[in-house]
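Just below is one structure, and these are the notes that go with it.
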Amino acid sequence: MKKKTGMCAALSLTAAIALTGCNGNTPDAGQNVDAGNDVVSDNTATDTTVADGGSEGGILYAAANFAYSSLDPHKEYYAWYDTLYGMTESLFVMGDDFSVVPKLAESGEISDDGLTWTIVLKDNVTFSNGNSLNADMAVKNLERLAEINERFSYFDEFEMEVVDDKTFTITTPDVYPTMLNDLAYPEFAMIDVDNTEDFDAAPVCTGPFKIKSFEPEGTVEVEKNENYWDGNVNLDGAVFYYMQDADAKSMAMINGEIQAETGATSSEIELYNADPDKYALYTVPATRLQFYLLNENTLDDEVREAVNLIVDNEEIASFLGGTTTPAVGPFSADSAYGKVTKPAVDVSAATAALEGAGYTLNADGFYEKDGKELDLNICYYASRSLDTCAIVMQEELGRAGIKSHLTVEEDPDATYLATGDFDIALYCMIADRAGDPYYFLNSTLREGSYYDVCGFDSDECEKLLDELKYETDNSKRAELANKIVQIAIDDNAFGYIGLFNKTTVLRDGVTGYGETSPFDFYGLTADTSLGK
Amino acid sequence: MKTGKLIFKRILQIIPLYIGITFLTFLLVYITPGDAAEKKLSSQGVALSQEILDATREKMGLNRPFIVQYGDWFFSVFRGDLGYSLKDGRPVTDKMIAPFGRTVILASLTMAVSLVLSFAAAFFSVLHRSGFFDRVMRVISFIFNSLPGFVISVLLMYFLCIKVNAFPVISNGSAKGMVLPVLSLALPLSGRFFRQFRSEMLEEISKPYVAEMKMRGLKDITIMTGSILRGAAAPVITIVGLAFGTLLGGSVVIETIFSYPGIGKLAMDAISDRDYAVVQGFVLICATVYSLVNLCTDIAYSVLDPRVKTDERDY
């Protein structure tokens, strides 16, 4: 904290001296075609080339928040950065509106019995070595992913069959409505597995860029893929520096050493907003959710209700300086499955609920019952701004007469979530992994799930989750998800605080760096331009 | 011969040292909440599932008893194999060689700059003690000694990168890019060295033999360069040796700020990831470096001050 405070002071000085003015610059988010229900197709992807077919050239310099020791997209989460580097592409991609859009695939269609998906590949897709992507290679990729990545080992249970050169089927034991969402994960990137010699340092992929130099957990340099199948590639290449320190990133941006970065902090946002002619700031509510669990095993219904009536998400978001958007439910309000409601902040109603349950104010101004003071244990970990959330919550609860104390842990999964020793547990995770609500709801609300640690128990919720698991109609899925989340909100089992914004900063007219996408893993594309 | 005996004795001493520190480090990583499987699966904030977590733990061998895991690691080290990183499966040796080399370069340059700056400043301060230069240097050294490296680095970045535009913010291993990381580490260290060197020289200058030399008509500069520096150097060597060891493991903040991929940053990431194989490798390297530095310090001590017998000192 001391380190951060010192740096903030130094940067504030930098900002005050170097920059003037304070106008924001937040262009509208782009649009994507809705993928529809269970059949998606795209016949226009190959038309997304520059009209004159020319290339503007140049090198983009960008900061990356992570750097992995391998580029193999099938391992771990490495594909998240391969995709950001513009090297890899999956069969489908996530649109800015959370829809699934075909990329390497032409279409994905589910059979009438819901058990077989037929995937048709585009005719003209080639790898950077000029080889064409066929169904056999696509199946090999899916098999390899299932074999080497534990998170996707469930694909082992699916039967995959090549129908013809460009068509293959995936048959599942049960109805699996989210197949196309899965295929849109970056990990489902296609590699030329037969002709890649070094999967870790130089996988042969289909993206607009290919690897030029790779330093494990360091700088990554990519160059234009001359064989790119989807038209013209604007830039000659890009360099990604692994930069963890926010202050160093902002100084490198001011100095012109980098032209693009994502995940700007509140102090950086303030700094860049002061010079809109030089920096373009794009803020999109994204997929990473700050939330808290209210322990039903230790807290009365009325106390949980009071906490949710007191905690003011707007106030927390204002403290976080534009890095989050206040949440109502776990998903973006823009998505079809983000349509839920919660009671407005109402401290009087909160205190009335407590008093109705027999709590009275003691001489210290805090509520107590049967002579025992109500003292909530707020557990958090100092990451993803949860420390700020915890402090603001403590202050808000204190103002309303609820005493609380803070417990900080380094690893929530191995401490308070594992033991259940908390009253309020703060946590942050990606709620919307690929345009579908089931993953998050199943992880947090399903009985026996990993995050089922606060005593939430609802037969109705279990029933709806079972329905959601097998429902193939997207509008019905959204309806079910909204009902499920509403149950959790009404039960005061959770409090959804805010969704992290994906804040992209681009310098000197750079565009097309995934700035309108809510997903962290989209960055460099064929359309990325230096704007000069 | 005596030096040879000392080296042999040190090698024998280092074996129980290795066993002790690696056991303790392994134990500390083991009992710290969380493990490598959980850290790996949750690294991007995606929800965990118990089934996948259990399978990953099984695959990594983390379900085995502590002593079996430590024993496996220990005996593989005896075969010259530091094992594989739990985070990414790369051989620990491969993973550490390049960052270690970079940190040695950073630490060596830092040490060289610090020694030159502090020795020169201390020499002239003592030569003109209580004069203007001495007073100014004492204030400057106090400031450098008080400021943490990261504050100095941010200030240097602001003035030298943003204002003067003389150096890049991103180090990236280039000669020009090394200047700021080296200065960020060297300035606080120089402050500490200056005060130490000055105090040792002043102590030496107050000894009777200096007064005798003055009475014999020798000039101050001759006494300083001929006798005082040699007399004051011996105690300083221990501090310099320890500082070098600290630089190897303790420059993580500067490495992070300047995006300099050194061993300190690698070790910090490994601790966060509960990657015990890499942590153990780092501890072994640090223990070896500290032992070597101590050995060199003792040898240098005996060379500079012949009254000290290397085989009679209680190390």
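The values are calculated or read from the model by the stated rules, or taken from the named source; none is laboratory data. Because the structure is predicted, anything quoted here is derived from the model rather than measured. Positions of Cβ are backbone-derived with ideal geometry, glycine not excepted, and every protein chain shown enters the neighbour counts. Heads up: the accessible areas ignore ligands, DNA and RNA and are worked out on the full protein's heavy atoms, side chains in. Shrake-Rupley method; radii C 1.70, N 1.55, O 1.52, S 1.80 Å.
The residue that is nearest to B:Ser85 (Cα to Cα), counting only those in segment A:193-228 that are crowded, with 19+ Cβ neighbours inside 10 Å and touching a Pro at 6+ places or on another chain (Cβ under 8 Å), is A:Glu217. A single member of B:Ala287, B:Ala233 is modelled with pLDDT of 80 or more and more than 14 Å from chain A (Cβ to nearest Cβ), and it is B:Ala287. Scanning segment A:88-98 for residues that are open to solvent by 10 Å² or more (accessible area, probe 1.4 Å) and either within 16 Å of A:Glu161 (Cα to Cα) or assigned to a loop (DSSP other than H, G, I, E, B) (or both) yields A:Glu89, A:Asp96, A:Asp97, A:Phe98. Checking each residue in segment B:163-196 for being open to solvent by 10 Å² or more (accessible area, probe 1.4 Å), in a helix (DSSP H, G or I) and within 11 Å of another protein chain (Cβ to nearest Cβ) picks out only B:Lys163. Of the residues making up segment A:154-208, just one is in contact with a helix residue (DSSP H, G or I) (Cβ under 6 Å, 6 or more places away or on another chain) and among the small types (Gly, Ala, Ser), namely A:Ala189.
Take the residues of segment B:14-47 that are within 14 Å of chain A (Cβ to nearest Cβ) and among the aliphatic types (A, V, I, L, M): which is nearest to A:Leu445 (Cα to Cα)?
Residues of segment B:14-47 within 14 Å of chain A (Cβ to nearest Cβ): B:28-47.
Still in the list and also among the aliphatic types (A, V, I, L, M): B:28-29, B:31, B:36-37, B:41, B:46-47.
Numbers: B:Leu28: 34, B:Val29: 32, B:Ile31: 30, B:Ala36: 26, B:Ala37: 23, B:Leu41: 20, B:Val46: 15, B:Ala47: 12 Å.
The extreme case among them is B:Ala47.
Take B:Gly262 and tell me if it is away from chain A (no Cβ under 14 Å), surrounded by 20 or more Cβ atoms within 10 Å (Cβ to Cβ) and of a type in the set (Gly, Ala, Ser). Judged against the criteria, B:Gly262 is not a match. For segment A:55-72, taking the residues that are of a type in the set (Ser, Thr, Tyr) and open to solvent by less than 20 Å² (accessible area, probe 1.4 Å), the one that is nearest to the other protein chains (Cβ to nearest Cβ) is identified as A:Ser69.
For segment A:229-335, which strands (runs of 3 or more DSSP E) that fit wholly inside it have 3 or more residues that are open to solvent by less than 30 Å² (accessible area, probe 1.4 Å) and at pLDDT 90 or above?
On the way: elements: A:237-242, A:260-262, A:279-294, A:324-326.
Fully inside segment A:229-335 and qualifying: A:237-242, A:260-262, A:279-294.
If you go through segment B:59-113 and pick out every residue that is more than 19 Å from B:Gly262 (Cβ to Cβ), buried (at least 17 other Cβ atoms within 10 Å of the Cβ) and hydroxyl-bearing (Ser, Thr, Tyr), you end up with 2.
Are any residues in segment A:440-455 open to solvent by 10 Å² or more (accessible area, probe 1.4 Å) and either of a type in the set (A, V, I, L, M) or in contact (Cβ under 8 Å) with a residue 60 or more places away in the chain (or both), and if so, which ones? A:Val453, A:Gly455 - these are the residues of segment A:440-455 that are open to solvent by 10 Å² or more (accessible area, probe 1.4 Å) and either of a type in the set (A, V, I, L, M) or in contact (Cβ under 8 Å) with a residue 60 or more places away in the chain (or both).
Taking segment A:375-430 and the strands (runs of 3 or more DSSP E) fully enclosed by it, the elements with 1 or more residues that are open to solvent by 10 Å² or more (accessible area, probe 1.4 Å), out of contact with any Leu (no Cβ under 7 Å at 6 or more places or on another chain) and among the β-branched types (Val, Ile, Thr) are at A:403-408.
Kindly indicate whether any position in segment A:187-198 is under 27 Å from the mean Cα position of the chain (by Cα), closer than 29 Å to A:Glu223 by Cβ and assigned to a helix (DSSP H, G or I).
The first filter runs over segment A:187-198 and keeps only residues under 27 Å from the mean Cα position of the chain (by Cα), leaving A:187-191.
Pick out the ones that are also closer than 29 Å to A:Glu223 by Cβ and you get A:187-191.
Within this subset, residues satisfying the condition of being assigned to a helix (DSSP H, G or I) are A:187-188.
Yes - at least one qualifying residue is present in segment A:187-198.
For the residues B:Gly226, B:Gly231, the requirement of being surrounded by fewer than 22 Cβ atoms within 10 Å (Cβ to Cβ), more than 19 Å from B:Leu187 (Cβ to Cβ) and either in contact (Cβ under 8 Å) with a residue 24 or more places away in the chain or among the hydroxyl-bearing types (Ser, Thr, Tyr) (or both) singles out B:Gly231. Considering segment B:18-58, the residues that are outside any helix (DSSP H, G or I) and among the β-branched types (Val, Ile, Thr) include one that is most open to solvent (accessible area, probe 1.4 Å), namely B:Thr32. For segment A:495-532, taking the residues that are of a type in the set (Gly, Ala, Ser) and outside any loop (DSSP other than H, G, I, E, B), the one that is nearest to A:Leu235 (Cα to Cα) is identified as A:Ser529.
For segment B:219-231, check the following and say yes or no: at least one residue is outside the structural domain of B:Leu62 (by TED's automatic domain parsing) and within 20 Å of the chain's Cα centre (by Cα). Within segment B:219-231 (the criterion being outside the structural domain of B:Leu62 (by TED's automatic domain parsing) and within 20 Å of the chain's Cα centre (by Cα)), the answer is no, since none of the residues qualifies. Within segment B:294-315, residues that are modelled with pLDDT under 60 reach partners that are of a type in the set (Val, Ile, Thr) with beta carbons closer than 7 Å, at six or more positions or on different chains, in the pairs B:Thr310/B:Thr3; B:Thr310/B:Ile299.
Applying the condition of being part of a loop (DSSP other than H, G, I, E, B) and at pLDDT below 90 to segment B:59-84 and asking which residue is nearest to B:Gln280 (Cα to Cα) yields B:Gly80. Residues that are touching a residue at least 24 places away in the same chain (Cβ under 8 Å), under 30 Å from A:Tyr154 (Cβ atoms) and of a type outside the set (Gly, Ala, Ser) within segment B:41-90 comprise B:Met60, B:Leu62, B:Gln69, B:Tyr84, B:Leu86, B:Lys87, listed in sequence order. Does A:Asp413 satisfy being in contact with a Lys or Arg (Cβ under 8 Å, 6 or more places away or on another chain) and at pLDDT below 95? It is false that A:Asp413 is in contact with a Lys or Arg (Cβ under 8 Å, 6 or more places away or on another chain) and at pLDDT below 95.
Looking across segment A:116-171, just one residue is open to solvent by 30 Å² or more (accessible area, probe 1.4 Å), in a helix (DSSP H, G or I), touching a Lys or Arg at 6+ places or on another chain (Cβ under 8 Å) and touching a residue at least 12 places away in the same chain (Cβ under 8 Å), and that is A:Ile148. Residues of segment B:19-46 that are out of contact with any Phe, Trp or Tyr (no Cβ under 9 Å at 6 or more places or on another chain) and within 30 Å of B:Ser302 (Cβ to Cβ): B:Gly20, B:Ile21.
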